[in-house]
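> If you scroll down you'll find the structure; I have some questions about it.
The values are calculated or read from the model by the stated rules, or taken from the named source; none is laboratory data. Since the model is a prediction, treat every value here as computed from it, not as a measurement. Cβ sites come from the backbone with ideal geometry, for glycine too, and all protein chains shown count toward neighbours. Side chains included, ligands, DNA and RNA excluded: accessible areas come from the protein's heavy atoms. Shrake-Rupley method; radii C 1.70, N 1.55, O 1.52, S 1.80 Å.
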Amino acid sequence: MRSSAALFNPSPPLLLLLPLLLFSHLLPRALAADLGSGDGYTIAGRVKLDGATSKESGLPAKPTNIKVILNGGQSISFARADGYFSFHNVPAGTHLIEVAALGYFFSPVRVDISARNPGKIQAALTENRRVLYELILEPLREEQYYEKREPFSIMSLMKSPMGLMMGFMLLVMFVMPKLMENIDPEEMRRAQEDMRAQGVPSLSSLLPRSN
Amino acid sequence: MAIRACLGLMILLVFSSTISTALFEDQVGLADWHQKYIGKVKHAIFHTQKTGRKRVVVSTEENVVASLDLRTGDIFWRHVLGKIDRIDQVDITLGKYVVTLSSGGSILRAWNLPDGQMIWESILQVSAPSKSLLHVPANMNVGKDNLILVFGGSSIHALSSTDGQIVWRKELSTNSLEIQQVFQPHDSDIIYALGFIGSSEFVAYYVNYKTGEVLQQSKASFKSGFCGEASLASDDVVVALDASRTYLVSISFRNGVINFQQIYIRDLIPEFSGKATLLPSKYNGILAVDIASSIVLLRVKGVNELEIIEKINYPSAISDALPLSKEQQAFAILQHDESRIHFKVKFDTDLTNEVLKETIQMDGQRGNIEKVFINNYMRTDRTHGFRVLVVMEDHSLLLVQQGEIVWSREDGLASIVDSTTSELPVEKEGVSVAEVEHSLFEWLKGHFLKLKGTLMLASPDEVAAIQAIRLKSFEKNKMTRDHNGFRKLIIVLTRAGKVLALHTGDGRVVWSVLLPVLRKSETCGNPFALNVYQWQVPHHHAMHENPSVLVVGRCGHNFDAPGIFSIVDAYNGKVHNSLVLEHSVRHIMPLPLTDSTEQNLHIVIDDNLHAHLYPKTSDSVKIFLDEMPNIYWYSVEVGKNIIKGYSLEIKGELDMAENVFQPKELWSIVFPSESETIALTATRKMNEIVHTQAKIVADQDVMYKYISTNILFVATVAPKASGEIGSATPEEAWLYAYLIDTVSGRILHRVSHQGAQGPIHAVVSENWVVYHYFNLRAHRHEMSVIEIYDQSREDNKDVWKLVLGKHNLTAPISSYSKPEVTVKSQSYFFTHSVKSLAVTVTAKGITSKQLLIGTIGDQVLALDKRFLDPRRSVNPTQSEKEEGIIPLTDSLPIVPQSYVTHALQVEGLRGIVTTPAKLESTTLVFSYGVDLFFTRIAPSRTYDSLTEDFSYALLLLTIVALVAALLVTWALSEKKELREKWR
C-alpha cells in the first residue's frame, strides 16, 4: 500500500496508508474534527531521488541526511530510506515545504490545507507553479558545487596570457621576415645605419660576435 | 624546421588556467576549513558489545543526535533536529536502532545505527508537553518484537521497535501526573511506574508490559509535598525530596501499600545547609544527594534507615550505575584536585574498596566535570576494564581510559555567542637563510608537480602528493601577521563562557580560556555570556602591548542583572582584568574614540538608561567630554513598539569616579501597536568604509549616495502575521520597511509590502538595504533592495553653478541637515528560506559587494550585489549594458558554484561574520552554527594578486624556453648570414 505514495489526510496516522487523495473530499467532516488532539492535519509525502545519482559531485550516492522543512524551520522532518516523510498536527492554512538535500536543488512546495473541506489539500511547486497531484518531491536539478577542470585544449591555451605571448612571438618570427624580404636591401641598410646612429642597441650588437 | 619543432614543444608546455570565482574540487581546504561539532552532551549510550566499530551515541543541548567513534571521537553520522524539537532521551533498541524521544515526549524516531538513516517516526498524543521517560527493556532477545515504552504527560505508549507502530496506549490519570521512575524487575512482564500527581500525591502503577493493562494502582498523599525529584533505591523503596528540599522522604510501596518516612538531612549530615538535589541514579540500595558543597552517597538499609557511605567533596561527578551482572553494578566517581582528576570505579557490592583508581592530568581551562558516563570492556585477563565519557563545564567531551585522555572534542564551539577578530603579532627580524635555501628545491619540486597536475599528466600518487603539499602549506598556519592579512585570530565566545582563539589558516585553537567570572559562583548564580568587543587595538602609541578583547556577560537572564566585564589578551588568552559591575548591561556602544593607550572607549547603557563610560580613567573622561555633544544613541523597545533617540547630558556635578551620564530624550517614534509590531532592526557596520560617494550611471550622469552611519532599518509586521509562515492569510499580513535617521529621528523612507510577513532578515551597507521576507500572495520568499541617494547634491552636476561658485561641494555635511533624498527600490523572488544574511566588506571598499545568504539548507550562498540593483530593467539600454546592468528577471539566480561552503553544510547555521583582509580584493568569511566554516572570498576575483593556482614553474619554463629559442634562432641567423657572406 505504501507505493500509493503521497497523500494528505486528517490526523489519525493510520489513514496515512490509504490512497486518500482521490477520496479525500468524501471524508466525513467529523473525522478530522474529532480525532486525535484535534489540532491539525498530517502532511505526508515522499522525496524521490532515484535516477539521480550524483557521482560527479563526489557525494555519497544515497544521502542519509535529507531534511524536509516546514514553514522555514517551524518543524523539521527527516526522510526515511524510501523517501517518505510526514508532518503532524499541521493547522489548516497555506504552508511551505522545503527540502534540504546536499547536491540537489528542490523547489519549495506550497501546500494548502482547506479549513472548510477537511482533507482537501492542494500542492504546487512555487518555482514553476506546477501543480502536484501527489506529494512526490523530485529535485529540479542536480547541483555541481565545483567548477570542472577543463581538459587540455588548444583554445584555452590560445586564450591564456602566455598563449597570447607565444602567438605574438610566432607572428614576429614568421611574418616579420616575410615583410623584411619585401624591403629593398638598400633601404634596409640605410634604416639600420640610422638606428645605429641613434644609438638604439639592437640585440645583435649585444650578443658577442662570433666572427 | 628546428625552430618550429622547438616552438611546438613550447606551445605544448604553455597552458592556460581559467580564472573563476568558483572552486575546483582539488582546491577544497586550501583557503577554507570546516569543523563539525555536536554541542554539550546530555545523554550518552555506548554500543560496544559487538566486535568491530565501537560507538557511542549521544544527544546534545543543540538538539543533535550523533554517533561517535569511540576510538577517535570522530562523527560517524549526525542529525540536527529542529529548534523546538528538544531531545528528551536517547537509547538503542534491538542492537541496531537508535531511538530518540523529543518534543516533550511527543515524537519518537528510530535511526539506523550504522549510517544514521531514519527508519521510522511515530507521533504520540501527549496532552501537554511534560517530563517524559523512555523505557527500552534491557536484555532483549533479538528477533522477538520488543516494545518501547514512552511515559509522557499522563499516558503510556508502547511501540513496536521494528516499525514504530503503537501497540497499546494507556491513559493513567487525568490530573497532572509526572512519572519519575520506571523500572522492570528482571524477567518480569510487569512494569513499575512511579510518579507524582500534583505536588503532594505519590502514585505507583503496575502495568502489564505486553498489554498495557494496569494491574494495580496505589496512591497516597504526603502533606508537606514533594519537590518533584525521586530516586529509586531498591525494588520497593523510592527516595524523594520534600518541597523544601531539606527532608528526604523514603517511600516504600511494597504490594501496593505506600508508607512515607521523613528523614531530616541535617540529622544525617550535620554540616548540611541550604537545599539538596537528588542525583538521578539507579543503584541497588544507594542514593546520591548533592548538598551544594559535596555529593553524599547514602545506603538505604530499610525504609527508615539511611547510612552515609562516602562524602565526596565538590567539585566532583558521579555516573549512573552500569550493570555488569545480575548482582553487580559499577559506577564511577570523578573528583577534582586542582589540575588533576581522580577517577574511581566502585562496585555496589563492595563500597569500601575501589576497583579502579586512576589520576588524570586535566587542562585547567575546561572547568569542572559536569557529567560522567561509564562503560566497561573486557581486558585480556577476563577482568573488567572501565572507560568514562566526561562532559566538562566548557561543554567539551573527553574519553578517559587507562589513566589518560584518549580523545577530546571542543564541543563548546557548537554554541558560539559572538565573535571578533584580532591581528597576529608582527613577524620578528632574523629569518634564517639556510631554511629558505633548503626550501627552494622543495618549492621548485612542488611547482613542477603542480605543473604536471595542471597539464593532467600527473599520476594519482602525484595528485595526492600535490594535494598534501597544498594542504600542509606552512605559510598559512604561521603565527605571525602576513602581507595579505589572511592570517588572523578569530576570537569566539561560547555559551559556556569560554573564549577561544581560532587561527584562520587551519582553524586550530591557539588558546582558550574559561573565564572565571562567567562561571557559576555564589555571587553570580546564573552567568550568561553576551558579547565580545575589541578593547585595545594597538597601532602607533602602544605597539609593544598586545591587543585585547572585552568580554561582556550578565549575571542571570534578566535585563536588570549586574553585568560582567572581562578583558582578555588576544595573543595568549591571559585575563587582564575581570569584574562584576554594579550596574546592569543593556546595550554596549563601542565609540570610535581611543584613549592614550589605545583602549577603545565604550558606553554601557544600563537598565535605567544611564550611560557608563569605560575604561574608567580620567584620561578617557577627558576625551569623551570633548565628543559628548556629538554622541547620539537610540533604544528599540520591541514590546512597547517604541524607538527612542537620546543624547547624553550631565546632571549636576560629574562624579569622576563613577562616570555616569544621564540620557536626554530627543525624539521617539511610536508604531501603532494595533497594526504594526517591530520585527527587526538593522544598522550599518560601524567600521565599514565607503570608497566612492557618487555613482556614475549611464549617460555620464552622477548620482550621489546618501551615506550616513546613522541609518536604522526597521521592519514592522502586522501583529496577526508575526508568527510563522502559514499562520496568517495574505489579507491580514503586511510589512512596513522604514529607514530612520537615528540622530534626528526623521523617517527617511517608508515602504509597505502588502501580503508579506516575516521572518525578516536584513543587511544594511553603504547606501542600501537588502531584506528578505515571505510574500504570502505569491507564496514565495522575496528579497527587496532599497537604495538611497542624496538629492541635495544633485545640483552640483550643473557646470555653471560650479563655475559661479554656487555649489555646495565644500559645505560641511552635518547629521542635523535634512537633505532631500530619493529612493530606488526593487523586489525579486528568492527560492530558499534564509537563516542569516551578511555582506562582504573589504579594506578600502573599492571591490564590489556580494551578499552572503545562509540558506535553510545550512549552506552559504554568495550573490553579487549587481543582481539586487534597483536600476535593473527588462531591456537595458546599450549604455546600461556597458555599465554592467543585468537584465531584470523575476527571481534571483542560484548558481551552485557560488556556494562559498561548496559541498559542505554548516549545520545549524546561526551567523555569518565578514572581516576585510589587507588585500583589497578579499574578504574573510566565518560562519558558525553547530559547525564552523571559514573561507576567504574575492567578490571581484583576485585582481590584485596571483591566484593560488598560478604556476611559477610554468612562467619560469616559458622564460627559459623563450631564451633558448632566442639563442637557437640567433645561432641559425648567424649561420645564415655567414652563408650569405660566403656566397
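> Output the number of residues of the stretch B:368-390 satisfying the condition of being farther than 18 Å from B:Arg55 by Cα and touching a residue at least 24 places away in the same chain (Cβ under 8 Å).
Qualifying residue count, the stretch B:368-390: 5.
> Based on what the data block shows, is B:Ser319 farther than 30 Å from B:Pro137 by Cα and in contact (Cβ under 8 Å) with a residue 24 or more places away in the chain? So that I can check it myself, show each step before the final result.
Details: farther than 30 Å from B:Pro137 by Cα: no; in contact (Cβ under 8 Å) with a residue 24 or more places away in the chain: yes.
In short, no.
> Being open to solvent by 10 Å² or more (accessible area, probe 1.4 Å) and in a strand (DSSP E or B) is the filter here, so list the residues in the stretch B:157-176 that pass it. Lay out the reasoning, then the answer.
To start, the set of residues in the stretch B:157-176 that are open to solvent by 10 Å² or more (accessible area, probe 1.4 Å) comprises B:162-163, B:165-176.
Within the stretch B:157-176, B:Ile166, B:Val167, B:Trp168, B:Arg169, B:Lys170, B:Glu171 qualify.
> Note down all Cβ pairs under 8 Å where the first residue falls in the stretch B:473-493 and is in contact (Cβ under 8 Å) with a residue 60 or more places away in the chain, the second is part of a strand (DSSP E or B) and basic (Lys, Arg), and they're at least six residues apart or on different chains.
B:Phe486/B:Arg936
> Could you go through the stretch B:541-558 and let me know if any residue there is within 21 Å of the chain's Cα centre (by Cα) and part of a loop (DSSP other than H, G, I, E, B). Give the derivation first.
Residues of the stretch B:541-558 within 21 Å of the chain's Cα centre (by Cα): B:549-554, B:556-557.
If we keep only those that are part of a loop (DSSP other than H, G, I, E, B) too, we end up with B:556-557.
Among the residues of the stretch B:541-558, at least one is within 21 Å of the chain's Cα centre (by Cα) and part of a loop (DSSP other than H, G, I, E, B), which makes the answer yes.
> Right, another one. For the stretch B:59-141, give me every one of the strands (runs of 3 or more DSSP E) that falls completely inside it and has 1 or more residues that are free of Cβ contacts under 8 Å to residues at least 60 places away in the same chain, of a type in the set (Phe, Trp, Tyr) and within 12 Å of chain A (Cβ to nearest Cβ). It would help to see each step written out before you state the result.
On the way: elements: B:64-69, B:75-80, B:87-93, B:97-102, B:107-112, B:118-123, B:132-135.
Passing ranges, in order: B:75-80, B:107-112, B:118-123.
> Has the stretch B:281-288 got at least one residue that is open to solvent by 50 Å² or more (accessible area, probe 1.4 Å), farther than 14 Å from B:Gln180 by Cβ and among the hydroxyl-bearing types (Ser, Thr, Tyr)? Full working, then the answer.
Looking only at the stretch B:281-288, we keep the residues that are open to solvent by 50 Å² or more (accessible area, probe 1.4 Å), and these are B:282, B:284.
With the extra rule that they be farther than 14 Å from B:Gln180 by Cβ, the set shrinks to B:284.
Narrowing the set further to residues that are among the hydroxyl-bearing types (Ser, Thr, Tyr) leaves none.
No, the stretch B:281-288 has no match at all.
> Next question, about the same structure. Which ones in the stretch B:916-948 are more than 32 Å from the chain's Cα centre (by Cα) and either within 12 Å of chain A (Cβ to nearest Cβ) or buried (at least 21 other Cβ atoms within 10 Å of the Cβ) (or both)? Spell out the reasoning first.
So the first thing to find is which residues in the stretch B:916-948 are more than 32 Å from the chain's Cα centre (by Cα), and the list is B:943-946.
Residue satisfying the conditions is B:Leu946 alone.
> Now for a different question. With B:Ala718, B:Ala698, B:Ala694 as the choices, which residue is touching a strand residue (DSSP E or B) at 6+ places or on another chain (Cβ under 6 Å) and modelled with pLDDT under 85? Walk me through how you get there before you give the answer.
Working: B:Ala718 fails: modelled with pLDDT under 85; B:Ala698 fails: touching a strand residue (DSSP E or B) at 6+ places or on another chain (Cβ under 6 Å).
Step by step, each of B:Ala718, B:Ala698, B:Ala694 is checked, and only B:Ala694 is touching a strand residue (DSSP E or B) at 6+ places or on another chain (Cβ under 6 Å) and modelled with pLDDT under 85.
> While we're looking at this one, here's another question. Given the options B:Ser521, B:Ser512, name the one that is polar (S, T, N, Q), free of Cβ contacts under 8 Å to residues at least 40 places away in the same chain and closer than 21 Å to B:Gly364 by Cα.
On the way: B:Ser512 fails: free of Cβ contacts under 8 Å to residues at least 40 places away in the same chain.
B:Ser521 is the lone residue from the list that is polar (S, T, N, Q), free of Cβ contacts under 8 Å to residues at least 40 places away in the same chain and closer than 21 Å to B:Gly364 by Cα.
> Can you tell me how many residues in the stretch B:86-126 are closer than 18 Å to A:Ala81 by Cα and over 24 Å from the mean Cα position of the chain (by Cα)? Talk me through it step by step, then tell me what you get.
Taking the stretch B:86-126 and keeping what is closer than 18 Å to A:Ala81 by Cα, we get B:96-100, B:108-122.
Within this subset, residues satisfying the condition of being over 24 Å from the mean Cα position of the chain (by Cα) are B:96-99, B:108-115, B:117-122.
Result for the stretch B:86-126: 18.
> Kindly indicate whether B:Arg366 is charged (D, E, K, R) and either farther than 30 Å from B:Val499 by Cβ or modelled with pLDDT under 85 (or both).
So B:Arg366 fails the test.
> Does the stretch B:834-880 hold any residues that are open to solvent by 20 Å² or more (accessible area, probe 1.4 Å), aliphatic (A, V, I, L, M) and not in a loop (DSSP other than H, G, I, E, B), and which are they?
B:Leu837
> Testing B:Glu522 on (1) under 16 Å from B:Val580 (Cα atoms); (2) in contact with a strand residue (DSSP E or B) (Cβ under 8 Å, 6 or more places away or on another chain), one condition comes back false. Which one is that?
Of the numbered conditions (1) under 16 Å from B:Val580 (Cα atoms); (2) in contact with a strand residue (DSSP E or B) (Cβ under 8 Å, 6 or more places away or on another chain), the odd one out for B:Glu522 is (2).
> Among the residues of the stretch B:342-388, which ones are farther than 25 Å from B:Ser59 by Cα, among the aliphatic types (A, V, I, L, M) and assigned to a strand (DSSP E or B)?
Answer for the stretch B:342-388, where residues must be farther than 25 Å from B:Ser59 by Cα, among the aliphatic types (A, V, I, L, M) and assigned to a strand (DSSP E or B): B:Leu356, B:Ile360, B:Met378.
> Please count how many residues of the stretch B:559-611 are in contact (Cβ under 8 Å) with a residue 60 or more places away in the chain, assigned by the TED database to the domain that holds B:Lys644, open to solvent by less than 20 Å² (accessible area, probe 1.4 Å) and not in a loop (DSSP other than H, G, I, E, B).
Summing the residues that are in contact (Cβ under 8 Å) with a residue 60 or more places away in the chain, assigned by the TED database to the domain that holds B:Lys644, open to solvent by less than 20 Å² (accessible area, probe 1.4 Å) and not in a loop (DSSP other than H, G, I, E, B) in the stretch B:559-611 gives 1.
> Next question, about the same structure. Which members of the stretch B:374-408 meet the condition of being among the polar types (S, T, N, Q) and surrounded by 22 or more Cβ atoms within 10 Å (Cβ to Cβ)?
Taking the stretch B:374-408 as the starting set, the residues that turn out to be among the polar types (S, T, N, Q) are B:375-376, B:380, B:383, B:396, B:401-402, B:408.
B:Asn375, B:Ser396 - these are the residues of the stretch B:374-408 that are among the polar types (S, T, N, Q) and surrounded by 22 or more Cβ atoms within 10 Å (Cβ to Cβ).
> Right, something else. Report, by residue number, each residue of the stretch B:721-752 that is hydroxyl-bearing (Ser, Thr, Tyr) and within 14 Å of chain A (Cβ to nearest Cβ).
The initial filter retains those residues of the stretch B:721-752 that are hydroxyl-bearing (Ser, Thr, Tyr), namely B:722, B:727, B:729, B:736, B:738, B:742, B:744, B:752.
The answer is B:Ser722, B:Ser727, B:Thr729.
> I would also like to ask the following. Among the residues of the stretch B:240-254, is there at least one that is surrounded by fewer than 17 Cβ atoms within 10 Å (Cβ to Cβ), among the charged types (D, E, K, R) and in a strand (DSSP E or B)?
Taking every residue of the stretch B:240-254 in turn, none turns out to be surrounded by fewer than 17 Cβ atoms within 10 Å (Cβ to Cβ), among the charged types (D, E, K, R) and in a strand (DSSP E or B).
> Still on this structure, please answer the following. Restricting the search to the stretch B:612-654, which residues are open to solvent by less than 30 Å² (accessible area, probe 1.4 Å), part of a loop (DSSP other than H, G, I, E, B) and either in contact with a His (Cβ under 9 Å, 6 or more places away or on another chain) or of a type in the set (A, V, I, L, M) (or both)?
Across the stretch B:612-654, the qualifying residues are B:Pro615, B:Ile631.
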